[in-house]
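I have placed the structure first, in the form of structure tokens, so that the comments after it can refer back to it.
The values are calculated or read from the model by the stated rules, or taken from the named source; none is laboratory data. Just so you know, these numbers come straight off a predicted model, no measurement behind them. Because the Cβ atoms are built from the backbone with ideal geometry, glycine has one as well, and the counts that use them run over all protein chains shown.
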Amino acid sequence: MAVSDHVDLPTFMEGVKKRNPNQPEFVQAVQEVAEDIYEFIQDKEEYHAQQILRRIAEPDRVVSFRVCWEDDAGNIRVQRGYRVQNNNAIGPYKGGIRFHPSVNESVLKFLAFEQTFKNALTGLPMGGGKGGSNFNPKGKSVREIMRFCQSFMTELYRHIGADVDVPAGDIGVGGREIGFMFGQYKRITNQFTGVLTGKGLEYGGSLIRPEATGYGAVYFLANMLATKGEDLVGKTAVISGSGNVATHAAEKIVQLGGKVLTLSDSGGFVHDPDGFSQEKIDWVKTHKTHRRGRIQDYVEAFPKATFHEGKTPWGVPCDVALPCATQNELLGEDARTLVANGCKALAEGANMPTDLEGVHVFKAAKLLYAPGKASNAGGVAVSGLEMSQNSERRAWKEEELQQMLKDIMFGIHQSCLTWGDQGGGYVDYVKGANIAGFKKVADAMLAFGVV
Ligand code: NAP
């Protein structure tokens, strides 16, 4: 008789740690999911017998490769590139590319693992993947970035394809970098396909893709508040980051009547007691994205604001919070401060910005707390819609896409309610998202047998 995988959670996690030494981010992501899934599958023998969780927590493949490029001074530089293809049970691998010095196998494995659940939650047919490099775009010329992107794609192209694996942007990779990579893919393969998303509108991109992650996170936040009969009008918001996700989240908060008090970058945070108006957000977008400037320069342009060097913004009292910078930027202590200061709701724009202790603090306080895999899924959802438009060789109108994004975020919220409602008016959104995402992928895997 087959022996089923009825090990308990600590034993399962011991195995994950042993098989993935020196990969703390990956182990953390698996632990957060396993805590909920273990409870869910307790009485479901087929998931145990088929070792489904163990299989999802083992990427289909991890590709690592050398990326050589020449800087403006003529020096030869060597970087490491990766693509982690975690799971394609429900569709082609899909997930962003990150260029940041902190990129390593652990970070990309955690992101690809999370992406698997997130993509399932959108309801669209997309598997989970993630890629990137330890290349640091800061301080590089546009030509250097172009040469790096071309060299990166010269290896990556053999592992991706419109029906195989469809990367997009992430930290350090925006429309410009996607353009360079798409150009190189097209040149090498002589094919014009929807192999990347986040493309420019002129060559197959979708309207509202740049805005989708930040806007979607705020729609999710609004859905959570609505369960308590509240909305964003007059609410104060603390946001970290000042990149794509943070600035678009700020924009949507302002559009829905809220007041954004902070934005940040890796140097510290800016507190503007008057709030960030659309004009100020536009200044940040231009300064950070186009001029590659620092957030601290904001206080010169808007002197009523203050800059707090080396600090995160979680000590500023607020009604709602949106961590939109990077992983583990909000620790247990920060979570306690937010709760003590009366924060009502938090939606993660970034991936895994809250550490495990912080997650437990929010759960214990019964905060309206949305994990990134639910609340930041708007970006990949519109990427999925970009894939559909590319396949159909057409472009949908902005109003259609805005409505689809809203509907998808509403649908994800509903899935979280279905699986996360704990009674007494408390919804555990982490549990809801984990179970809903897991179930879809797991059931597809069951259908395939042992592969
Ligand atoms: P981005 O445009 O490159 O902006 C990243 C922002 O985070 C910048 O303000 C950056 O500051 C800050 N940051 C990066 N690393 C940091 C660190 N170690 N400590 C403090 N601040 C740091 O990237 P993004 O696309 O907005 O992505 C932000 C987060 O959202 C990431 O977790 C990403 O995985 C997640 N996400 C993005 C999308 C998307 O569609 N773009 C979708 C889903 C999830 P500096 O300028 O100082 O580096």
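Among the residues of segment 315-349, those identified as charged (D, E, K, R) and not in a loop (DSSP other than H, G, I, E, B) are Glu333, Asp334, Arg336.
State all residues of segment 51-67 that are out of contact with any His (no Cβ under 8 Å at 6 or more places or on another chain), assigned to a strand (DSSP E or B) and surrounded by 14 or more Cβ atoms within 10 Å (Cβ to Cβ); if no residue qualifies, say none. Show your work before the answer.
From segment 51-67, those out of contact with any His (no Cβ under 8 Å at 6 or more places or on another chain) are 51-62, 64-67; that's our starting set.
Going one step further and asking which of them are assigned to a strand (DSSP E or B), we end up with 61-62, 64-67.
Selection gives Val62, Phe65, Val67.
For segment 72-86, the condition of being farther than 21 Å from Val16 by Cβ, in a strand (DSSP E or B) and under 18 Å from the mean Cα position of the chain (by Cα) holds for at least one residue.
Go through segment 187-206 and give me each residue that's surrounded by 20 or more Cβ atoms within 10 Å (Cβ to Cβ), of a type outside the set (Gly, Ala, Ser) and over 19 Å from the mean Cα position of the chain (by Cα). Val195, the sole residue that qualifies.
Can you work out which of the residues in segment 292-314 that are of a type in the set (Val, Ile, Thr) and part of a helix (DSSP H, G or I) is farthest from the ligand (Cβ to nearest atom)? Even if it seems obvious, please write down each step before you answer.
Within segment 292-314, the first condition is being of a type in the set (Val, Ile, Thr), and the residues that meet it are 295, 299, 306, 312.
Of the ones still in play, those that are also part of a helix (DSSP H, G or I) are 295, 299.
Values: Ile295: 7, Val299: 16 Å.
Filtering segment 292-314 for residues that are of a type in the set (Val, Ile, Thr) and part of a helix (DSSP H, G or I), the one farthest from the ligand (Cβ to nearest atom) comes out as Val299.
With respect to Tyr38, determine if the residue is farther than 30 Å from Met153 by Cβ and of a type in the set (Ser, Thr, Tyr). In short, yes.
For Ser264, indicate whether it is surrounded by fewer than 16 Cβ atoms within 10 Å (Cβ to Cβ), at pLDDT 95 or above, of a type in the set (S, T, N, Q) and not assigned by TED's automatic domain parsing to the domain that holds Val103. When the stated conditions are applied, Ser264 does not pass them.
Given segment 354-405, what helices (runs of 4 or more DSSP H) lie entirely inside it while holding 2 or more residues that are of a type in the set (A, V, I, L, M) and either assigned by TED's automatic domain parsing to the domain that holds Gly161 or touching a strand residue (DSSP E or B) at 6+ places or on another chain (Cβ under 8 Å) (or both)? Show your work before the answer.
Details: elements: 356-364, 372-375, 378-392.
Because the criterion is at least 2 residues that are of a type in the set (A, V, I, L, M) and either assigned by TED's automatic domain parsing to the domain that holds Gly161 or touching a strand residue (DSSP E or B) at 6+ places or on another chain (Cβ under 8 Å) (or both), the helices (runs of 4 or more DSSP H) in segment 354-405 that meet it are 378-392.
Could you tell me which residue of segment 263-291 is nearest to Lys140 (Cα to Cα), considering only residues that are touching a Ser or Thr at 6+ places or on another chain (Cβ under 6 Å) and more than 12 Å from the ligand (Cβ to nearest atom)? Here the answer is Ile281.
Name every residue in segment 51-98 that is more than 20 Å from Lys118 (Cα to Cα) and within 16 Å of the ligand (Cβ to nearest atom), in order of residue number. The answer is Tyr82, and nothing else. Residues of segment 7-31 that are more than 18 Å from the chain's Cα centre (by Cα), in a helix (DSSP H, G or I) and of a type in the set (Val, Ile, Thr): Thr11, Val16.
Just name the residue that is nearest to the ligand (Cβ to nearest atom) out of those in segment 224-247 that are under 13 Å from Ala325 (Cα atoms) and among the aliphatic types (A, V, I, L, M). It would help to see each step written out before you state the result.
Of all residues in segment 224-247, those under 13 Å from Ala325 (Cα atoms) come to 238-247.
Applying the additional criterion that residues be among the aliphatic types (A, V, I, L, M) yields 238-239, 245-246.
Values: Val238: 14, Ile239: 10, Val245: 4, Ala246: 6 Å.
My answer is Val245.
Restricting attention to segment 216-236, the residues that are touching a strand residue (DSSP E or B) at 6+ places or on another chain (Cβ under 7 Å) and small (Gly, Ala, Ser) add up to 1.
Okay, residues lined up against (1) within 16 Å of the ligand (Cβ to nearest atom); (2) in contact with a Leu (Cβ under 7 Å, 6 or more places away or on another chain):
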{"residue": "Ile178", "(1), (2)": "yes, yes"}
{"residue": "Phe182", "(1), (2)": "no, yes"}
{"residue": "Ile188", "(1), (2)": "no, no"}
{"residue": "Thr193", "(1), (2)": "no, no"}
{"residue": "Tyr203", "(1), (2)": "no, no"}
{"residue": "Ser206", "(1), (2)": "yes, yes"}
{"residue": "Arg209", "(1), (2)": "yes, no"}
{"residue": "Tyr215", "(1), (2)": "yes, yes"}
{"residue": "Ala222", "(1), (2)": "no, yes"}
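Look at segment 209-238: where a residue is of a type in the set (Ser, Thr, Tyr) and a partner is within 12 Å of the ligand (Cβ to nearest atom), sitting 6+ places away or on another chain with Cβ atoms under 6 Å, you get Thr213/Val245; Thr213/Asn376; Thr213/Gly378; Thr213/Gly379; Tyr215/His248.
Within segment 363-381, residues that are under 16 Å from Val33 (Cα atoms) and more than 9 Å from the ligand (Cβ to nearest atom) reach partners that are at pLDDT 95 or above and of a type in the set (Gly, Ala, Ser) with beta carbons closer than 6 Å, at six or more positions or on different chains, in the pairs Ala370/Ala347; Pro371/Ala433; Lys373/Ala433; Ala374/Ala433; Ser375/Ala217; Ser375/Ala347.
Just wondering, is there one or more residues in segment 170-177 that are part of a loop (DSSP other than H, G, I, E, B), among the β-branched types (Val, Ile, Thr) and over 24 Å from Trp396 (Cα atoms)?
Pass one, segment 170-177, residues part of a loop (DSSP other than H, G, I, E, B): 171-172, 174.
With among the β-branched types (Val, Ile, Thr) added as a condition, the list becomes 171.
Applying the additional criterion that residues be over 24 Å from Trp396 (Cα atoms) yields 171.
Scanning segment 170-177, I find at least one residue that is part of a loop (DSSP other than H, G, I, E, B), among the β-branched types (Val, Ile, Thr) and over 24 Å from Trp396 (Cα atoms), so the answer is yes.
Output the residue which, of all residues in segment 87-115 that are outside any loop (DSSP other than H, G, I, E, B) and free of Cβ contacts under 8 Å to residues at least 60 places away in the same chain, is nearest to Ala325 (Cα to Cα).
Initial filter on segment 87-115 (outside any loop (DSSP other than H, G, I, E, B)): 87, 93-99, 105-115.
With the extra rule that they be free of Cβ contacts under 8 Å to residues at least 60 places away in the same chain, the set shrinks to 108, 112.
Details: Leu108: 16, Ala112: 18 Å.
By that ranking, first place goes to Leu108.
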